[in-house]
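Notes follow once the structure below has been shown.
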Amino acid sequence: MKLTLKIWRQKDAASKGKMVDYPISGVEGDMSFLEMLDVLNEQLINKGEEPVEFDHDCREGICGTCSLQINGEPHGPDRLVTTCQLHMRKFNDGDTIVIEPFRATAFPVLKDLIVDRSALDRIQQSGGYISVNTSGNTVDANAIPINKHDADEAMDAATCIGCGACVAACKNASAMLFTSAKVSQFALLPQGQIEATERVQNMVRQMDLEGFGNCTNTGACEVECPKGISLENIARMNREYYSASLKG
Amino acid sequence: MGILDSKVPAGPLADKWTNHKNQIDLVNPANKRNIDIIIVGTGLAGGAAAATLAELGYNVKTFCYQDSPRRAHSIAAQGGINAAKNYQGDGDSNYRLFYDTVKGGDYRSREANVYRLAEVSANIIDQCVAQGVPFAREYGGLLDNRSFGGVLVSRTFYAKGQTGQQLLLGAYAAMNRQINRGKIKSYTRHEMMDLVKIDGKARGIIARNLVTGEIERHSAHAVVLATGGYGNVFFLSTNAMGSNVMAAWRAHRKGAFFANPCYTQIHPTCIPVSGDHQSKLTLMSESLRNDGRIWVPKRLEDAQAIREGKLTPLQLKEEDRDYYLERRYPAFGNLVPRDVASRAAKERCDAGFGVNKTGEAVYLDFASAIERYGKEKAMTSGIKNPDKNTITTLGKEVIEAKYGNLFQMYEKIVDENPYETPMMIYPAVHYTMGGLWVDYNLQTTVEGCYAAGEANFSDHGANRLGASALMQGLADGYFVLPYTIGDYLSNDIRTGAIPTDAPEFDAAEKEVKDRLSKLMGGKGLHSVDYYHKKLGKIMWNKCGMARNAKHLNEAIEEISALRADFWENVKIPGDANGMNQELEKAGRVADFLELGELFAKDALNRNESCGGHFREEYQTPEGEALRDDENYRYVAAWEYKGAPKDAVLHKEELVYENIELKTRSYK
C-alpha cells in the first residue's frame, strides 16, 4: 500500500504546530497503525530528519497510553480498538490519512502527537478510591457477597483504560464518560457506598476545575470508546451527584 | 561466599515470617514523617509499596517513565492471581501453593520466600476486594476461581481477561488516596538514570525528566526498585515497548548483584510473528489452555499442505491430528507448566509440523470445548436431543462469555475468526524470573536499595507458574516491604534529610550527563531499533528456548561486538534538552547490550536444564530437562566488574528442608 500521511508536528508545548505531509510506501495490511508509524520514523531517521513522536507502550490495547486522532476519530475508524490494535488492512491503497493529537483544552500538546493527560489522574486523585488501609487486615473476601449482575456491571465500568478518547471525541471536550466509569464502579459495589457522597462531589468538582466541558448527550464518547464504556454510566453519575447534592 | 547472606530467619518454615515480623525494629509514627523513600516503578509491586509506605507515614516519591502510574505493564496481565484460599474446597493450602510454586520453579527458588508468598496470598484477595476490585463472581455472590497450568487445584481469582488491569487500578487508587493526602509525590514521565550511593548506602537517584530533558537529583533514606523484567532484551516480547532494565542495571553497576539472568519464561500461547515490521508480541492468556486443545498435523505432508494453503485445519480428521501435549503428558495434558508447553511446541515445529507460513505456529482448538459446553447448556436450557447447530451456537456463547475479549483481540490482529477456525499460537518471551539478588528482606547487595516484583529474582526459581506474578508483585509491595524496610530505616531516625549537594550526587549527575553526550555523539550510521533488533535476533536464536555451549559462546562474542558498534555508530536525532524518544530508547538498549552478554554468560555457566533454561546437552532420551542438583542447586548472583564477561559469580546455595527434590514430572 502507498499512503499519504498528514501529520501534526509541534516542537514543544510553547511552539506553534503545523500539518506536514509524508508519503509512505510498502505498508502491509498486517501492520498495526503504530508499526506503520515505526516504518515512517525509521525512514525519517535514516534521512536525518526528526521522527514523529507519539505516545504508546503496551501495544495490546490495555495500558491506555496510545492516542491519536485519525481522520477525525480518536483511535481511528475501527470500533472497540485502540490505535495500537488498529491494523492497516482497514485502509486502502492511495488513502490520505490525517493524524492529529487528541484535542482538548485540558490536554495540552507536549510534542508532535503527544499530549499531557495528567488532568485525568488528578480527577482520580480527588476521590477515585475506597479509603481502606492496605495492610491486608480486612474481612475475608467472601464476607462481602456481591450479586453477580452488579459485580459484572462494576467490572464493565472498571475496564476504562483512561486513554482520553471520550474527551477527544466530544465537541465539548467533556470527561464525563471517564469520570462516571469510576463513580459507577464504586456505586455498584457495597464497598463504595460509604464514601459515595464525597466521592462524586469531589470528582465532579475536579473535572470542572481541569477545564473539561459539560455533557450534552451526543453519545460520541460511547461510540469512540475503545473499551465500550456505556453512556449509562453518565446517567448513573448524574443520579449519584443529585442524590449527593440532596444529602449536602 | 560470606557476602550472600540470605538472612532467612530461623525456626519452622510456617513460623518464619511471623517470628521475623515480631522481632524486627519498628519506626514510631512521628519519626516516619522525617524519612523519605524513593520508589521507582509504579506497577503492582511499586504502586502497592508506595501506597502502604505512605499510609504508614513515610514521605514517598514515586517515579515512572509512563505518563501515569496506571500505565505500568502489570496492567497487561490477563488470566488471574493465585491465592491459597481453598474456597473451592479442593484441598488447597499454604503448603500446597508453596509446594506447587517450588516444584513449578524446578527447585531453584528460595523456600522461605516462597512460603511467605503463599502465606500472604490469601490476604491479597481480602485486601483487593475491600478496595473494590471487581473479581469474577458466581451466582451466589461469592468469588469464582479457575485453574491454571502446573497445578491440580482451582486457586486462581480473576476479573475477566483483565485481572492485571483491575489489580493495578486498585493499587493506583490506593496511591491516589495518598497523593491526595500529600504523602506521595508522583513523578511521571521521569526515568531513573542512576543510583546514588553515599557511604555505601543507597541515598537517592538521578532522574531525567522526559518532557524537559532536565537531569534531576532526588534523595531519600532508601530506594526501592520495582521496575519489572528485562524481556525486551529479546526485542520481540510480550512486554510493553518501554519496559526496560535500566534502573536495575544501573543499580547492578553500583554494586547490586544480578541473579540468574538466564531464567526467562517463554510463554506458550502468543500470537505468532507475522512479519519483519513486527514491534511486539501479543499474549493469549494461559487460561485458554483450560478449554483449548493444542495440536499439529500427524503427517508431515499435511503440515506442508496447510502451510502452502492447500489444506485447512478443519479438513483434517480427528485421527490425523497430533494432540502432542495430551500424548506426552497424560496427567496434565494441555495444562502442563509454561516451559514444558513451549518446548513441546518448538520441538514439533522444528520437526516440520508448524502450521503457518513461517512454520512457527501450532493450533489451539476450541471445537471440543464448544461442543462440550454446548451440550451442557442445551441440557440446562431444557433442550432435549439438540441438533449439531444448536449445540455449536450455545457452545460459542459460553466460550464468548469466558474469553470474549481474547477472541476479539485475536481476530483484530490475525483477521481470522477463532470461533470457526483454530487459533494459531507460538511461544514468545514473556517474563524474566532472574533479576536483582535480594535477601529475605528484599534488600539487594547495596544497603538501602530494595528490589520488588519482577525486578527481583526470589520467588519463581527457574520457571514461573501462571497467575503468580500478580501475587508476588502485590505481596512484595503491600505486605513484605512495609515491614522489612521499616527495620532498616529504624537506624535512620536521626539522620535528617539527605542533602542533594553531596559530592556523590555531583559525581553521579556528571556520569549521567557524560553518558547522554556520548550517546548523542554517535557517528550516526544506524537507528537505535537497528541495534535492538540485531540484539533480539542473537538472543532469540542463541539464548532462546534451547541453548547450547557453542551458541552461547558465539552470543557472548556477537553481543560484545554489537555493543561496541552501537556506541560508535548509533544515530540519535534531535537533542538531549527536551522530549526525545529515540534518546530514551538508546539508553535502554545500551543497557540491554550489557545485560544480554551477562545473560549468555549465566546460561553458559549453568550446565544443566531447569525450568525456562534448557541446555540441549542436558536432556533425557525423551527430550525432558535434566537437572543437576548436585552441582547447580544454587542461585548464580553476578557481581559487576566492568565488561559483562568479567562479572564475578557468587553462589547462594539453596537449601530444601521442607520439600523433597524430585525430577519434575507432569506425565
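The values are calculated or read from the model by the stated rules, or taken from the named source; none is laboratory data. Since we're looking at a predicted model, the values are computed, not measured. Positions of Cβ are backbone-derived with ideal geometry, glycine not excepted, and every protein chain shown enters the neighbour counts.
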Residue under question is B:Asn356, and the condition is that it be under 28 Å from A:Gly228 (Cβ atoms), within 14 Å of chain A (Cβ to nearest Cβ) and polar (S, T, N, Q); does it hold?
no
Can you name the condition, by its number, that A:Phe102 falls short on among (1) outside any helix (DSSP H, G or I); (2) within 23 Å of A:Val200 (Cα to Cα); (3) at pLDDT 95 or above?
(2)
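Can you go through A:Asp95, A:Asp112, A:Asp57, A:Asp140 and tell me which one is more than 7 Å from every other protein chain (Cβ to nearest Cβ) and either without any contact (Cβ under 8 Å) to a residue 60 or more places away in the chain or surrounded by fewer than 21 Cβ atoms within 10 Å (Cβ to Cβ) (or both)? I'd like the intermediate steps shown before the answer.
On the way: A:Asp112 fails: either without any contact (Cβ under 8 Å) to a residue 60 or more places away in the chain or surrounded by fewer than 21 Cβ atoms within 10 Å (Cβ to Cβ) (or both); A:Asp57 fails: more than 7 Å from every other protein chain (Cβ to nearest Cβ); A:Asp140 fails: more than 7 Å from every other protein chain (Cβ to nearest Cβ).
Answer to the check: A:Asp95.
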Is it the case, given these coordinates, that B:Gly182 is outside the structural domain of B:Leu406 (by TED's automatic domain parsing) and in contact with a Leu (Cβ under 8 Å, 6 or more places away or on another chain)?
no
Determine which member of the set B:Leu442, B:Leu481 is touching an Asp or Glu at 6+ places or on another chain (Cβ under 7 Å) and among the aliphatic types (A, V, I, L, M).
B:Leu442
Please note which strands (runs of 3 or more DSSP E) are completely contained in segment B:200-298 and include at least 3 residues that are within 14 Å of chain A (Cβ to nearest Cβ).
B:264-270
B:Ile538 - would you say it is at pLDDT 95 or above and in a loop (DSSP other than H, G, I, E, B)?
no
Taking segment B:54-92 and keeping only residues that are among the hydrophobic types (A, V, I, L, M, F, W, C) and more than 23 Å from B:Met193 (Cβ to Cβ), one is left with B:Ala54, B:Leu56, B:Ile75, B:Ala76, B:Ala77, B:Ile81, B:Ala83, B:Ala84
Inter-residue pairs, beta-carbon under 9 Å, first at negative phi and in segment B:279-300, second assigned to a loop (DSSP other than H, G, I, E, B) and of a type in the set (Lys, Arg), 6+ apart
B:Ser279/A:Arg59; B:Lys280/A:Arg59; B:Thr282/A:Arg59
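Among the residues of segment B:82-120, write down those that are of a type in the set (S, T, N, Q), in contact (Cβ under 8 Å) with a residue 24 or more places away in the chain and more than 14 Å from B:Thr156 (Cβ to Cβ).
Of everything in segment B:82-120, those that are of a type in the set (S, T, N, Q), in contact (Cβ under 8 Å) with a residue 24 or more places away in the chain and more than 14 Å from B:Thr156 (Cβ to Cβ) turn out to be B:Asn94, B:Ser109, B:Asn113.
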Mind telling me which of the residues B:Asn176, B:Asn123 ends up being surrounded by fewer than 24 Cβ atoms within 10 Å (Cβ to Cβ) and at the interface with chain A (Cβ under 9 Å from one of its Cβ atoms)?
B:Asn123
Find the residue count for segment A:120-132, including only residues that are surrounded by fewer than 23 Cβ atoms within 10 Å (Cβ to Cβ) and under 22 Å from A:Ala168 (Cβ atoms).
2
Within segment B:193-203, count every residue that is farther than 13 Å from B:Glu511 by Cβ and within 26 Å of the chain's Cα centre (by Cα).
1
Only one of (1) without any contact (Cβ under 8 Å) to a residue 40 or more places away in the chain; (2) among the aliphatic types (A, V, I, L, M); (3) crowded, with 17+ Cβ neighbours inside 10 Å; (4) away from chain B (no Cβ under 11 Å) fails for A:Ile24. Which number is that?
(3)
Among all residue pairs at least 6 apart or on different chains, which show Cβ distances below 7 Å where the first residue, located in segment B:42-71, is under 19 Å from B:Ser243 (Cβ atoms) and at the interface with chain A (Cβ under 7 Å from one of its Cβ atoms) and the second is among the small types (Gly, Ala, Ser) and in a strand (DSSP E or B)?
none
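Could you list, in sequence order, the residues of segment A:164-205 that are at the interface with another protein chain (Cβ under 10 Å from one of its Cβ atoms) and either modelled with pLDDT under 95 or within 20 Å of the chain's Cα centre (by Cα) (or both)?
Initially, segment A:164-205 is screened for residues at the interface with another protein chain (Cβ under 10 Å from one of its Cβ atoms), giving A:182, A:185-186, A:188-192, A:202.
Once the filter is applied, which keeps residues that are at the interface with another protein chain (Cβ under 10 Å from one of its Cβ atoms) and either modelled with pLDDT under 95 or within 20 Å of the chain's Cα centre (by Cα) (or both), segment A:164-205 yields A:Lys182, A:Gln185, A:Phe186.
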Residue pairs, Cβ under 6 Å, 6 or more apart or interchain, first in segment A:166-178 and closer than 21 Å to A:Ile70 by Cβ and in the same structural domain as A:Arg122 (by TED's automatic domain parsing), second aliphatic (A, V, I, L, M) and in a loop (DSSP other than H, G, I, E, B). List them.
A:Val167/A:Ala104; A:Val167/A:Ala173; A:Val167/A:Ala175; A:Ala173/A:Ala104; A:Leu177/A:Ile229
Where residues in segment A:115-137 are under 18 Å from A:Leu68 (Cβ atoms) and not acidic (Asp, Glu), which of them is farthest from the other protein chains (Cβ to nearest Cβ)?
A:Val115
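Each row is one residue, and each column tells you yes or no for (1) buried (at least 17 other Cβ atoms within 10 Å of the Cβ); (2) not hydroxyl-bearing (Ser, Thr, Tyr).
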{"residue": "B:Ala305", "(1), (2)": "no, yes"}
{"residue": "B:Val362", "(1), (2)": "yes, yes"}
{"residue": "B:Lys375", "(1), (2)": "no, yes"}
{"residue": "B:Ser381", "(1), (2)": "no, no"}
May I ask you to verify whether B:Gly544 is over 25 Å from B:Asp339 (Cβ atoms), touching a strand residue (DSSP E or B) at 6+ places or on another chain (Cβ under 9 Å) and not in a helix (DSSP H, G or I)?
no
For a quick check of your reading of the model, give me the residue pairs whose first member lies in segment B:238-267 and is more than 26 Å from B:Phe614 (Cβ to Cβ), whose second is of a type in the set (Lys, Arg) and assigned to a loop (DSSP other than H, G, I, E, B), with beta-carbon atoms closer than 9 Å and at least 6 apart or on different chains.
B:Ala240/A:Arg59; B:Ala240/B:Lys280; B:Met241/A:Arg59; B:Met241/B:Lys280
List pairs: first in segment A:67-81 and within 12 Å of chain B (Cβ to nearest Cβ), second of a type in the set (Asp, Glu) and part of a loop (DSSP other than H, G, I, E, B), Cβ under 6 Å, 6+ apart or cross-chain?
A:Ser67/A:Asp55
